[in-house]
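Nothing in this text is a laboratory measurement; each read-out follows from the coordinates by a stated rule. The structure presented is a predicted model; accordingly, all values stated were derived computationally and were not measured. When we count neighbours, we look across all protein chains shown, and the Cβ atoms used for this are built from the backbone with ideal geometry, even at glycine.
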Amino acid sequence: MVIDRKARIIEVQDWDDYFLFRLESPEIARLSQPGQFIMIKVSETTNPLLRRPISLHNCTGREVEIFFQIAGKGTRLLSQKKAGDILDILGPLGRGFSIKNEFKGKEIFCVGGGRGIAPLYYLARELSAAGARPVIFYGGRTSADLPLKSRFEQADWEVKVSTDDGSLGFSGLVTSLVESELRHRTPTFLFACGPEAMMEKLAEICRKENLPAEFSLESIMGCGLGACWGCVKKIRRNGETKYLKICQDGPVFSRDEIVWQEKENG
Amino acid sequence: MVDLSVDLGFLKLKNPVLAASGTFGYGLEFKPFYDLELLGGFVVKGLYFNPREGNLPPRLIETPSGLINSIGLQGIGVEAFCREILPELAELDTAVIVNVCGEDEDEYARVAEYLSRFKGIAALELNISCPNVREGGRCPAQSSDATFRTVKKVKEVTPLPLITKLSPNVTDIVSIAIAAEEAGSEAISLVNTFLAMAVDIETRKPKLGNVIGGLSGPAIKPIALRMVFQVARAVKIPVIGIGGIFTAEDALEFMMVGASAIEVGTANFVDPDACLRIIQGMEKWAENHGIKNISEIIGSLKI
Ligand SMILES: Cc1cc2nc3c(=O)[nH]c(=O)nc-3n(C[C@H](O)[C@H](O)[C@H](O)COP(=O)(O)OP(=O)(O)OC[C@H]3O[C@@H](n4cnc5c(N)ncnc54)[C@H](O)[C@@H]3O)c2cc1C
Ligand SMILES: Cc1cc2nc3c(=O)[nH]c(=O)nc-3n(C[C@H](O)[C@H](O)[C@H](O)COP(=O)(O)O)c2cc1C
Ligand code: FES
């Protein structure tokens with residue numbers, strides 16, 4: 001982990017509830033991987049208290065980008081920052097997506113639901129750089145939830161969008177769109193980030209299709225540094241099912257490791 | 001130059017600032033941020049004898065200026081700690097304090113006895129106050145008798161100095177502190193977290209997987225300060241103040257009411273270098289007030 005503590009906001013773009021910040025952060029830009037995140041201090045006061053975890057949306061040269069949706073008071077405060085402001089951040093943190101050599105020349109599905117699209121831009125760029133062909137699935141409740149559609153399209157990747165209300169693209173859940181595409185395509189791998197119900201459904205589809213996959217999980221985080229054990233998820237690994245830290249062992253886990261619905265303790 | 005060192009009798013600290021248990025991992029997590037030897041010391045995450053899985057998530061929920069946690073003392077257990085972590089900590093020139101947990105008195109003693117075989121531990125902090133491990137948040141720190149018995153039992157098996165960490169979830173904290181002192185504890189630390197909860201009004205479910213948890217952070221500071229004040233007046237052994245300390249000013253308040261040292265908890269999450277900032281702030285304050293030795297301010301409250 002490197003620690004790049006101060007990042008100047010270079011540019012802010014916004015679409016209603018969604019925001020894209022371009023930040024100057026040379027160390028993070030140099031050393032990060034897709035799927036990693038940063039912890040951002042959103043307030044100078046103690047309310048809200050904790051930093052907020054936000055994925056790296058893109059990294060180029062000396063700059064990184066973040067893309068976020070207002071979800072509550074912390075992200076609302078963050079959205080009020082302006083170009084020129086300095087953000088106090090920690091990162092890059094966590095273990096990102098695994099980009100494998102055998103992806104070269106292959107089709108890779110990248111599925112984002114709502115704000116979960118954030119890390120997939122960086123991922124798709126790295127997949128392209130590795131010679132793979134990313135196919136982007138971008139789902140939202142309504143067309144206003146798909147502000148990054150044109151950005152992905154400009155990058156020259158195949159982009160398929162869905163909205164629950166049918167206002168743009170495929171009408172229905174993004175999981176149904178993926179399922180229908182899988183009837184006539186055979187990708188090599190699937191990556192996803194979004195609401196847990198979406199990812200759980202995708203994991204089930206992937207198991208049926210024998211398609212390996214990785215998912216980026218979310219949790220409320222105390223520290224982001226592996227120091228508090230506050231962000232855990234039940235994970236099956238090396239023959240054991242244990243609580244692992246999303247901030248340190250994740251946020252990215254593979255298809256069969258994740259215990260999606262944990263009912264009981266122990 | 002201000003002399004920031006404080007002498008607890010059984011342990012001399014470079015400065016009065018310790019990182020609190022459960023908020024500083026096993027210490028090494030904070031190495032990327034600063035030189036751990038700049039700290040007075042740190043208390044590692046609570047250890048039971050065996051590894052523990054901890055509580056059902058969600059385990060954290062934020063409240064105004066506070067954090068409720070129900071981690072449930074997940075951890076690697078004392079053997080793995082001594083094998084994998086302690087050798088690196090033992091090299092450090094700072095006070096490494098181990099937070100000792102137990103399901104019952106015997107387990108506290110077993111953990112303490114095991115730790116005593118190793119070099120590099122400055123003291124044990126007896127966590128008789130973790131609210132999460134038993135239903136209803138009960139713990140030995142809720143009764144003077146259980147506190148006395150637990151401390152006594154651990155004293156018998158370890159030559160290491162004991163710091164007994166008290167729970168604020170009691171009717172009379174002073175009587176518990178006195179029980180720990182009478183049982184031979186070398187120091188008292190307080191407070192652990194306040195039992196608390198939060199509800200999601202849409203689902204009508206508790207926001208924490210464990211239903212209840214412990215509140216920490218700035219929200220608890222005034223209550224913690226009052227408790228430290230009461231305990232410091234009642235016991236002769238040194239008292240370590242804990243609860244919502246985020247700034248040097250907070251730390252100084254605790255010292256003025258009688259704390260010989262302080263622990264910084266939740267602040268480490270917000271600013272990984274919070275302890276360092278507090279040490280520097282204290283030094284500056286002392287300089288500005290012509291204080292040569294920080295220990296002069298301990299218990300200097302004017303009433
Ligand atoms: C590794 C990681 C990467 C993330 N990346 C992004 C990103 O790139 N863009 C983005 O928009 N969001 C991202 N998130 C989610 C983001 O961190 C939360 O939306 C944010 O912390 C909510 O803070 P708030 O103060 O605005 O909302 P709050 O008022 O704190 O909470 C609003 C609601 O969101 C829930 N919540 C709070 N914190 C989290 C959390 N960390 N994860 C999930 N639910 C939460 C609360 O329980 C509540 O229901 C990421 C989360 C993680 C763990
Ligand atoms: C996430 C978390 C985990 C904790 N774990 C422990 C622990 O293992 N043992 C212990 O004695 N106290 C534990 N505590 C309590 C703290 O050490 C401290 O007493 C309390 O948080 C109050 O201080 P603060 O307001 O500065 O955080 C924990 C606190 C938090 C927030
Ligand atoms: S957020 Fe603290 S351990 Fe993951």
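Considering only B:Leu28, B:Tyr108, B:Thr94, whose Cα is most displaced toward the positive end of the charge dipole of region B:1-112, charges sitting on Cβ of Lys, Arg (+1) and Asp, Glu (-1)?
Towards the positive end, the residue furthest out is B:Leu28.
Taking the mean number of other Cβ atoms within 10 Å as a proxy for protection, how do you rank B:59-67, B:161-169 from highest to lowest?
By packing density, highest mean first, the sequence is B:161-169, B:59-67.
Considering only DSSP beta bridges whose two residues both sit in chain A, what percent are antiparallel, to the nearest 5?
Around 60 percent antiparallel, to the nearest 5.
With charges only on Cβ, +1 for K and R and -1 for D and E, what is the dipole size of the protein assembly as shown about its Cα centre, in debye, rounded to 20?
Dipole size: approximately 420 debye.
Distance in nm between label sites at B:Ser116 and A:Arg141, each 7 Å beyond Cα in the beta-carbon direction?
6.1 nm
Which of B:Lys207, A:Lys245, B:Lys236, A:Lys106 comes first, and how do the rest follow, when ranked by fewest Cβ neighbours within 10 Å?
B:Lys236, A:Lys106, B:Lys207, A:Lys245
Over the whole of B:269-276, what's the average partner chain Cβ count within 10 Å per residue? Rounded to a whole number, please.
Averaged over the peptide's residues, the number is 5.
From the backbone phi of region A:37-53, what are the Karplus-calculated ³J(HN,Hα) couplings (6.51 cos²θ - 1.76 cosθ + 1.60, θ = phi - 60°) in whole Hz, Gly and Pro given as x?
Using θ = phi - 60°, the values come out as 9, 10, 9, 10, 7, 9, 9, 8, 9, 9, 9, x, 8, 8, 5, 10, x Hz.
Past 21 Å, Cα to Cα, is the threshold; run A:Lys100/A:Lys233; A:Lys242/B:Lys45; A:Lys41/B:Lys14 against it and keep the listed order.
The pairs that break the limit, which is 21 Å between Cα atoms, are A:Lys100/A:Lys233; A:Lys41/B:Lys14.
So what are the ³J(HN,Hα) numbers for region B:253-269, from phi and the Karplus equation (6.51, -1.76, 1.60; θ = phi - 60°), rounded to whole Hz, Gly and Pro as x?
Along region B:253-269, the couplings run 4, 4, 5, 5, 7, x, 6, 7, 8, 9, 10, 10, x, 3, 4, 4, 6 Hz.
Among B:Thr171, B:Thr266, rank each residue by its count of other Cβ atoms within 10 Å, from fewest to most, as a rough exposure measure.
Ranking B:Thr171, B:Thr266 by Cβ neighbours within 10 Å, fewest first, gives B:Thr171, B:Thr266.
Which value, in debye to the nearest 20, gives the size of the charge dipole of chain A about its Cα centre, when Lys and Arg are +1 and Asp and Glu are -1 at the Cβ?
The dipole of chain A has a size of about 500 debye.
What order do you get for B:47-57, B:277-287, B:10-20 when each peptide is scored by the mean count of other beta carbon atoms within 10 Å, highest first?
Ranking the peptides B:47-57, B:277-287, B:10-20 by packing returns B:10-20, B:47-57, B:277-287.
Divide by every residue of the protein assembly as shown the summed helix terms, -39500 (n - 2.57) for each DSSP H run of at least 4, and state the resulting mean residue ellipticity at 222 nm, rounded to the nearest 500 deg cm²/dmol.
It lands at -7000 deg cm²/dmol.
Treating only the Cβ of Lys, Arg, Asp and Glu as charged (+1, +1, -1, -1), what charge dipole size does region A:99-235 show about its Cα centre? Round to the nearest 20 debye.
I would put it at about 240 debye.
Assuming R0 = 25 Å, can you tell me the calculated FRET efficiency for the pair B:Lys292 and B:Glu249, based on Cβ-Cβ distance, to the nearest 0.05?
My answer for the efficiency is 0.80.
Is the shape of chain B best called rounded, prolate or oblate, per the rule: a/c under 1.5 gives rounded, else a/b larger than b/c gives prolate, else oblate, with a ≥ b ≥ c the square roots of the Cα gyration tensor eigenvalues?
Taking the square roots of the gyration eigenvalues as a ≥ b ≥ c, chain B is rounded.
State, as an integer percentage, the relative contact order of chain B based on alpha-carbon contacts under 8 Å between residues 6 or more apart.
20 percent
How do B:Glu103, A:Glu209 rank when sorted from fewest to most other Cβ atoms within 10 Å of their own Cβ?
Placing the least packed residue first, the sequence is B:Glu103, A:Glu209.
Tell me which of B:Pro159, A:Trp15, A:Val259 sits at the most positive position along the dipole axis of the protein assembly as shown, charges placed on C-beta atoms (Lys, Arg +1; Asp, Glu -1).
Highest projection toward the positive end goes to A:Trp15.
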